[in-house]
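Contents: one structure, followed by commentary.
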Amino acid sequence: MTRTRAGNWNFGDLLDIAAAHVPAERPALVRGDRTICWGDFDARTNRLARAMLAGGLQTGDRVAILARNIPEFIEIACAAFKARLTHVNINYRYTTAEIEYVLADCQAAALFHQDEFASVVAPLPAALDHLRLMVQIGGEGDGYEAMVAEGDGAPLGIVRSADDGYLLYTGGTTGRPKGVMWAAGDARAVQLESPTVRTPVLTLDDHGRQVAANVTPGRVLPACPLMHGAGLNSSMAELLMGGTAVLLEKDSFNAAELWDQVERHRVSRILIVGDVFARPMLQALEAHPGRWDLASLKVISSAGLMWSEEVKRGLVAQLPQLSLVDILGASEASGFGYAVTNALRSTPTGYFEPGRQTVIIDVETDRVLADDEPGTGWLARRPPFALGYYGDPEKTAQTYRQIDDTVYAIPGDMAERTADGLIRLIGRGNLCINTGGEKVFVEEVEEALKRAPGIEDAIVVGVPDETWGKAIVALIRTAPGYDEASARAVLEADLARYKLPRRMIVLDDLPRHASGKSDYRRATEMALAATS
């Protein structure tokens, strides 16, 4: 199975071109009182790229990053692109054993880690003979700053390839983390499919002209962790066009801090992950009317978790200039669909306008439905998309399949194309609960729960049941005045009876990963403990 690159894009080249056309004093990275301007950002990442190569790293070597949302995370990723190295994200909540697994799985040659994780990674060099370079960021023993502050800061002047890229490790919902391989040419092509891109970029020369003409570039604030794919990708998309990435200072999300930073740094776009971010953002605005000047903010985009219609409406009511973009994608492929909500239009939650390459594939026959044909099946897309799973050809063959003359990415979501051409997300195949012989997709039940009165958040799991095989259990977070009978009355009008939760467990906080995505393993453990 072979595919050509979707474009002659390389992030290292694009960064070089951007730096050549951007005023040196323009901010590139901002975190609180710390600002790294474009001139320094370019020189620091060039020096770091040279230092990595001088340290013995070679084209394609994996460079792992273990850090929170600090400027150095982005610098390391950009330096890796410039040096033709492959950066790898590490979840900062992982234990030593879990980090060791990822590093061994991708055969990482280097690890850059924030000082607070020094004790966690200390045993790794003795356990991993392929780990040749380990660099601490900050604190006593900081080796990072010298790498970015000393040496030649000019562009490297090397020939790069559209095949250069990065590894995106995804914890998923079952099994061990898997590294999804993205080539830069494909990744950039998918970025350019976004409805937030006003003018298509067609060539490298065109890219340079657009950066030079972009005198008021965007400023993005990724509210989710950078180690979550959407967080870094949103930052890179803005930087490639000569813009600015603004990072929050606190380790835990605080909506008031976010609005403070949006006002202070004139942020134009925020990246979140569903209601776990959006709801407290709305609550802060409602609790403090007029506190913040947010006129600069134009777009809030969300990826990885559904975003409820109620919260969307509330945000637009508070900030009428906003466009809210709900992105349907996966680590293995993105751009499946987009839902745009603003003062003039609204796409219902769970429905998306399909991307140009999105298709539906019949589950039984593998027939690709015509682009205007209603029907239900696997959600898939034509290229461009990721190359596959690192070191796992069997899993790659299952997800990226050739049908007739075309290779499709089929990550495992079920969807329906409606008669009016919208995509309705039904649920993920590996999150399907078989209860009494009926298949129930947890996302469908979760969204119905969030629409019920008094329920702010929900995670749905299946637990063993003697009668039904699996019983549906909902973990929910509620608002004052919640009444289960009232909520169930709405659910019964929204869902078939076999999809209704047999038990609803009220919790103060639901188990979620740092990215905001549901932690279904922990949720299942909690449901079992509560029902046993």
task = Output the helices (runs of 4 or more DSSP H) that fall wholly within segment 78-178 and possess 2 or more residues being in contact (Cβ under 8 Å) with a residue 60 or more places away in the chain, or say none.
result = 96-106, 144-149
query = For segment 37-60, which residues satisfy the criterion of being crowded, with 23+ Cβ neighbours inside 10 Å and under 24 Å from the mean Cα position of the chain (by Cα)?
reply = Phe41, Thr45
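Yes/no matrix, rows are residues, columns are (1) surrounded by fewer than 16 Cβ atoms within 10 Å (Cβ to Cβ); (2) under 19 Å from Gly516 (Cβ atoms):
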| position | (1), (2) |
| --- | --- |
| Arg219 | no, no |
| Cys224 | no, yes |
| Gly231 | no, yes |
| Lys250 | yes, yes |
| Val262 | no, yes |
| Arg269 | no, yes |
| Gly274 | no, yes |
key: Answer from Gly56, Gly39 - the residue that is outside any helix (DSSP H, G or I), modelled with pLDDT of 95 or more and small (Gly, Ala, Ser)   = Gly56
remark   = Of the conditions (1) out of contact with any Pro (no Cβ under 9 Å at 6 or more places or on another chain); (2) not small (Gly, Ala, Ser); (3) not assigned by TED's automatic domain parsing to the domain that holds Arg502, the single one that Glu416 does not satisfy is (1)
Scope segment 248-280; condition among the aliphatic types (A, V, I, L, M) and touching a residue at least 40 places away in the same chain (Cβ under 8 Å); matching residues = Leu248, Val262, Val267, Ile270, Leu271, Ile272, Val273, Val276
query = So, of the residues in segment 465-476 that are surrounded by fewer than 20 Cβ atoms within 10 Å (Cβ to Cβ) and not polar (S, T, N, Q), which turns out to be modelled with the lowest pLDDT?
reply = Glu466
ask   = Assuming Ile327 fulfils every condition listed in (1) modelled with pLDDT of 95 or more; (2) surrounded by 22 or more Cβ atoms within 10 Å (Cβ to Cβ); (3) more than 30 Å from Gln107 (Cα to Cα) apart from one, which condition is it?
value = (1)
key: Members of segment 408-444 that are in a strand (DSSP E or B) and surrounded by fewer than 15 Cβ atoms within 10 Å (Cβ to Cβ)   = Asn434, Glu438, Lys439
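Each row is one residue, and each column tells you yes or no for (1) more than 27 Å from Gln191 (Cβ to Cβ); (2) touching a Phe, Trp or Tyr at 6+ places or on another chain (Cβ under 8 Å).
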{"position": "Leu66", "(1), (2)": "no, yes"}
{"position": "Ala79", "(1), (2)": "no, no"}
{"position": "Ile90", "(1), (2)": "no, yes"}
{"position": "Glu98", "(1), (2)": "yes, no"}
{"position": "Asp129", "(1), (2)": "yes, no"}
{"position": "Gly139", "(1), (2)": "yes, no"}
{"position": "Asp142", "(1), (2)": "yes, no"}
{"position": "Tyr166", "(1), (2)": "no, yes"}
query = Residue check: is Val220 in contact (Cβ under 8 Å) with a residue 40 or more places away in the chain, outside any loop (DSSP other than H, G, I, E, B) and in contact with a His (Cβ under 6 Å, 6 or more places away or on another chain)?
reply = no
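Looking only at strands (runs of 3 or more DSSP E) that lie completely in segment 271-375, which have at least 3 residues being within 20 Å of the chain's Cα centre (by Cα) and farther than 22 Å from Glu416 by Cα?
Passing ranges, in order: 299-303.
The values are calculated or read from the model by the stated rules, or taken from the named source; none is laboratory data. Fair warning: this is a prediction, and the values are worked out from it, not measured in the lab. Counting neighbours? That spans all protein chains shown, and the Cβs are built from the backbone with ideal geometry, glycine included.
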